[in-house]
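Single-structure report; data block below.
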Amino acid sequence: MDHVRTEPHDPATLQEAEARFRIAFEEAGISMAIVGLDGSFLRVNRALTELLGYSSEQLIEGGMALVHHPDGEAISQSWEHLRTGQIERYQFDRPYRHAAGHVIWGETTMALVRDHDGNPMYTIGQLQDVSGRRVAEERAARRAGQQTALARLSQLALIEQDFDALASATVRAITNTLDVSLAGLSAVEPGSAAPRHLAGAHADDPGESAAARLDIQHSRCTLERSAPVVVRDVANETRFDVRALRARGLASGMVVPVAGEDEAPFGVLGMYATAPRKFDDDDLAFLQSVANVLTGALRRLAAERGLRHQALHDPLTQLPNRALLLDRLRLALARRRREARWVAVLHFDLDDFKGVNDSLGHVAGDALLRALAPRLSEALRPSDTLARLGGDEYAILLEGLEDPAESVRVAERLLAVVGEPVELSGATLRLSASIGIALAAPTASDESEDLLRDAGVAMYRAKRAGGGRSELFDDAMRAETVERIALTNDLREAIENGQLRLEYQPLVHLGRRQASGFEALVRWTHPERGEIGPGRFIPLAEQHGLIEPLGQWVMREALTQLRRWHDSGFATKMGMSVNVSRVQLSRPGLADEIFALLDELALAPDRLIVEVTESAVMEDPDVANATLDALNDHGVRIALDDFGVGQSSLACLRDLPLNALKLDRQFITSLASSREAAAIVRAVCDMARTLRFGVVAEGVETEAQSQVVEALGCDFGQGFLYARPTRPEDIRAAVAELDARLGGAVGSAA
Ligand code: C2E
Ligand code: CA
Ligand code: CA
C-alpha cells in the first residue's frame with residue numbers, strides 16, 4: 001500500500017483520472033517532480049519551478065545535475081534501491097542550487113510508481129523547503145560554539161599570568177570558532193606609526209606565523225574610528241586602502257579595538273577569510289566579547305602589578321617597605337656567608353618629628369618625609385636599600401661590607417645630610433636623627449628580624465642619649481630584650497587569670513545600610529602599664545607559644561557572647577568574625593575544635609566567620625588549606641584579612657574557599673590620593689563578583705571614603721565612621737544608634 005499502482009480501467013475514466021491528476025499535480029502547493037528511472041525530470045510542477053527559479057523546460061532539460069548543489073552527495077545508494085524496486089520510498093535532506101546561485105535546503109521524498117505488472121515505471125519526488133529551519137539550526141550551533149569558546153577564554157583570562165600565552169590562545173580560538181583563515185592581535189605603541197604584532201594564528205599553519213598579522217591599514221582605520229571595521233568584501237571597501245589585503249589573497253575580515261587597562265586603547269584584534277563573507281551580528285559580537293575578555297585580563301594583570309608594588313612599597317615615599325627590606329635582608333644574610341662580608345642594618349629615626357607635625361601640621365610633615373627620602377638615598381651606595389618602616393622611621397640595609405666600621409661612616413654621612421637646613425612652609429628647619437646600627441658578622445647566624453630589632457634597640461639608646469648620634473648594638477643592649485620577656489610572662493598570667501576581654505566592632509552592609517555582624521577584637525589592660533594593643537601582644541603570643549590558649553579563649557568567648565545575644569533576641573541574624581592567627585592555622589585539629597564548640601553552643605556554622613591573613617595561608621599552605629577546606633565544608637565562613645599588604649595575588653584567591661575579602665585600611669586611606677588604589681579596589685570587587693565572595697572595606701573613617709568604596713563595589717564596610725570597637729555592655733546601644741544613623745531597614749538587630 002505504500003507504492004502507487006496503476007490499475008486497468010476503461011479508457012474514458014482513465015483519461016478523466018489522468019486529467020484530474022495533471023491538474024492536482026500542476027497546482028499542488030508542494031513542489032513535485034516526476035522523475036524517470038534514469039534520473040531525468042519527466043514533468044515538474046509550478047511550485048517546483050518557483051522554488052528553484054528555473055522554468056520547467058530548463059529543469060527537464062538540465063535534470064538533477066542542474067539543481068543538485070555540489071555540497072550535497074551526488075547520487076545516493078537509496079536512489080539505486082528505489083529505481084530498481086527494492087524499496088518503495090525514501091526521504092532525505094539535501095542542498096539544492098537555486099537559479100540565482102544560493103542554496104535551498106530541501107527535505108525530499110522520493111516514491112516509486114509501478115505499472116500493473118509491478119515493474120518500476122517512474123518515481124514521484126516531493127520537495128519541501130526547510131532552509132529556514134536549517135539556517136536556524138546552523139546559527140544555534142554556531143552560537144553555542146562561540147559561547148563555549150568564550151567561556152573557556154574567560155576562564156583562562158582569570159588565571160593566566162602570561163598575557164602572551166593568553167593572546168595566542170585567543171587568536172587560535174578565533175580561527176577555530178569563526179572558521180576563518182587567520183586571526184591576529186596587535187598592540188598600539190605610543191609614538192609608533194604601526195601597531196605592534198603580538199600574536200597570530202593561521203588556520204593552515206598552526207604555528208605562530210608572521211602571515212597572521214593584521215593588516216596595518218585596516219588596524220589604523222579601526223583605531224581612528226575606535227569602532228569595529230567589518231569588511232564583507234574588499235571589492236567594495238572604501239574606508240581604507242585594501243591593496244595589501246588583496247595582495248595577500250584576503251577578501252573579508254573584521255577588526256575590533258581592544259580597550260586597555262585605563263582609558264587609552266590597548267590595540268586591535270581581528271581576523272580574515274579568503275572569500276567574501278557576510279559576517280553577521282553574532283560573529284561581530286563574538287569578536288567583541290573576546291576583545292572584552294582581553295581587556296579584563298589586562299586590567300587584572302595591571303591590578304596585580306600594582307598590588308605587588310603597593311605590597312612592597314611605602315605609599316608616601318615610594319621607598320621599599322618593611323616587607324621588602326626583610327626580604328632583601330634575608331638574601332643579604334645568605335650571601336654574606338658565601339662572600340665572607342659583613343651586613344649592617346641601620347635604624348634611622350628623626351628626632352622630634354612629632355614636634356614638626358604638631359607645629360606645622362601633617363601635610364608639612366608628609367612633605368618633609370618625601371623630601372628627605374632622596375637626600376638620604378644620595379648618601380648611600382646604589383646597592384644599599386633604604387626602606388621606610390612607617391612614620392619617621394627608616395631602615396637601611398648595607399650589604400657586602402669588607403669592614404664593619406664602614407657602617408658607622410655611613411651613619412655619620414646620614415646624620416650630616418639630615419643636619420642640612422630644609423625649607424618647609426616658609427620656615428627653615430634644622431633636623432637631627434638617631435641611628436642604631438646592628439651588624440651581622442660573616443660567620444654569625446643572625447636572623448633577619450633579630451637584626452632589625454637589634455638596630456631598633458640601639459636607635460632607642462641613641463635617642464635616650466639626646467639624639468643626633470648613632471649607636472652600635474652591643475651585648476649590654478641585649479638586656480633590653482629582657483623587657484619583652486617580662487611582658488610575655490605577664491601575658492601568660494593574663495590569659496590564665498582571665499584578664500583579657502573582647503570588644504566588638506560592627507560590620508555594615510553598605511547596600512542595606514545596616515549592621516550585619518561583628519568582629520571580635522581582643523583587649524588587654526595591663527595592671528601597671530594600662531592598655532596594651534593587640535598589635536603589640538599578639539606577635540609576642542605567637543612567638544612564645546601563647547597564641548593557642550589565647551586564640552582558644554577568644555573563640556569561645558566570642559561565640560558564647562553571640563549565643564547569649566541570640567538567646568536574648570539581639571543580633572539573631574548576625575554573625576561573628578574571629579581572627580585566627582597563622583600559628584593557629586598551621587596546626588591540624590583547629591577545625592575539629594571549632595566544630596565541637598559550635599555544637600556545644602548550638603550555633604549554626606555559618607554564624608562564624610574565621611578571619612585569616614594571606615601570609616598565614618601561605619606559610620604552610622597544605623595544612624592551612626586542609627583546615628580551611630574542612631571549615632568551609634562544614635559551613636563555616638572564611639574571610640581573607642588585611643588584603644593588600646602581603647603577597648596579594650589575585651590569582652590565588654581562586655584557589656581558596658573564600659566567602660569574603662577584607663581590604664586593608666591602607667587602601668582605603670590611599671583612595672583619596674591614588675588612582676591606582678581605586679583601580680585595584682575595582683578589580684578586586686570585579687573578581688569578587690566572578691568568584692562570588694563579598695568585599696569588606698576596613699578602616700573606613702570618613703563619609704567620603706564610605707561613598708567611594710560603595711561606588712567601587714565593596715559590599716561591606718567596617719571602621720570608626722560606623723562604630724568603634726565596643727564593649728559588650730554597650731553594643732546594643734551602639735548598634736541601635738548605628739542603624740538609626742544609617743537609616744536602612746529598621747530592626748536589623750532583632
Ligand atoms: P584587624 O583584624 O585588621 O582588625 C582591625 C583593626 O583595625 C582593629 O585594631 C580595629 O580596632 C582597627 N580599626 C577598625 N576600624 C578602624 C578605623 O576606622 N580606623 C583605624 N585607624 N583603625 C580601625 P586592633 O583592635 O588594635 O587590632 C589590631 C590587630 O590585632 C587586628 O587587626 C588583628 O590582626 C589582631 N587581633 C585583634 N584581636 C585578635 C584576636 O582575637 N586574635 C588574633 N589572632 N588577632 C587579633
Ligand atoms: Ca580582622
Ligand atoms: Ca584587617
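The values are calculated or read from the model by the stated rules, or taken from the named source; none is laboratory data. In this text, all values refer to a predicted model and were calculated from it rather than measured experimentally. Neighbour counts run over all protein chains shown; Cβ positions are idealised from the backbone, glycine included. Note: accessible area is taken over every heavy atom of the protein model, side chains too, but ligands, DNA and RNA are not part of it. Shrake-Rupley method; radii C 1.70, N 1.55, O 1.52, S 1.80 Å.
Check residue 54 against each of (1) at pLDDT 90 or above; (2) farther than 14 Å from residue 127 by Cα; (3) open to solvent by 40 Å² or more (accessible area, probe 1.4 Å); (4) outside any helix (DSSP H, G or I) and name the one condition it does not meet. Residue 54 satisfies all of (1) at pLDDT 90 or above; (2) farther than 14 Å from residue 127 by Cα; (3) open to solvent by 40 Å² or more (accessible area, probe 1.4 Å); (4) outside any helix (DSSP H, G or I) except (3). The residues of region 719-750 that are under 33 Å from the mean Cα position of the chain (by Cα) and at pLDDT 95 or above, listed by number, are 719, 720, 721, 722, 723, 724, 725. For region 502-518, the count of residues that are open to solvent by less than 40 Å² (accessible area, probe 1.4 Å) and free of Cβ contacts under 8 Å to residues at least 60 places away in the same chain is zero. One residue alone among 707, 666 is within 16 Å of ligand 2 (Cβ to nearest atom) and assigned to a helix (DSSP H, G or I), and that residue is 666.
Contact annotation: residue pairs with Cβ atoms under 7 Å, 6 or more positions apart or on different chains, pairing a residue in region 546-574 that is under 20 Å from residue 499 (Cβ atoms) and within 16 Å of ligand 2 (Cβ to nearest atom) with a partner that is open to solvent by less than 30 Å² (accessible area, probe 1.4 Å) and among the hydroxyl-bearing types (Ser, Thr, Tyr), are 547/581; 551/581.
Among the helices (runs of 4 or more DSSP H) lying completely within region 593-655, list those that include at least 3 residues that are away from ligand 2 (no atom under 16 Å from the Cβ) and within 23 Å of residue 562 (Cβ to Cβ).
621-634
Quick check: is even one residue across region 137-158 hydroxyl-bearing (Ser, Thr, Tyr) and either closer than 30 Å to residue 685 by Cα or not in a loop (DSSP other than H, G, I, E, B) (or both)? Within region 137-158 (the criterion being hydroxyl-bearing (Ser, Thr, Tyr) and either closer than 30 Å to residue 685 by Cα or not in a loop (DSSP other than H, G, I, E, B) (or both)), the answer is yes, since at least one residue qualifies.
Criterion applied to 736, 677, 688 was being open to solvent by 10 Å² or more (accessible area, probe 1.4 Å) and not in a strand (DSSP E or B), and the one residue passing it is 736. Within region 522-540, the residues that satisfy the criterion of being near ligand 1 (Cβ under 8 Å from one of its atoms) and surrounded by 14 or more Cβ atoms within 10 Å (Cβ to Cβ) are 522, 523, 534, 538.
When you look at residue 716, is it modelled with pLDDT of 95 or more, within 20 Å of the chain's Cα centre (by Cα) and open to solvent by 20 Å² or more (accessible area, probe 1.4 Å), yes or no? So residue 716 passes the test.
Looking at this structure, is residue 665 among the charged types (D, E, K, R), free of Cβ contacts under 8 Å to residues at least 60 places away in the same chain, away from ligand 3 (no atom under 16 Å from the Cβ) and open to solvent by 20 Å² or more (accessible area, probe 1.4 Å)? In short, no. Scanning region 586-616 for residues that are open to solvent by less than 50 Å² (accessible area, probe 1.4 Å) and within 15 Å of ligand 3 (Cβ to nearest atom) gives 609, 610, 611, 612, 613, 614, 616. Checked against (1) more than 14 Å from ligand 1 (Cβ to nearest atom); (2) under 23 Å from residue 625 (Cα atoms), residue 551 passes all but a single condition, namely (1). Name the pairs whose Cβ atoms lie under 8 Å apart, with the first residue in region 164-189 and assigned to a helix (DSSP H, G or I), the second among the hydroxyl-bearing types (Ser, Thr, Tyr), and 6 or more positions between them or separate chains? Filtered contacts from region 164-189: 175/181.
Can residue 641 be described as within 16 Å of ligand 3 (Cβ to nearest atom) and touching a residue at least 60 places away in the same chain (Cβ under 8 Å)? Answer is yes for this residue. For region 288-341, filtered to residues that are open to solvent by less than 20 Å² (accessible area, probe 1.4 Å) and acidic (Asp, Glu), the residue that is nearest to residue 151 (Cα to Cα) is 304.
For region 509-526, the set of residues classified as within 21 Å of residue 729 (Cβ to Cβ) and away from ligand 2 (no atom under 15 Å from the Cβ) consists of 515, 524, 525, listed by residue number. Number of residues in region 87-146 that are under 21 Å from residue 45 (Cβ atoms) and of a type in the set (A, V, I, L, M): the value is 11.
For every residue, the table says whether it meets (1) touching a helix residue (DSSP H, G or I) at 6+ places or on another chain (Cβ under 8 Å); (2) crowded, with 18+ Cβ neighbours inside 10 Å; (3) of a type in the set (A, V, I, L, M).
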{"position": "137", "(1), (2), (3)": "no, no, no"}
{"position": "160", "(1), (2), (3)": "yes, yes, no"}
{"position": "215", "(1), (2), (3)": "yes, yes, no"}
{"position": "221", "(1), (2), (3)": "no, yes, no"}
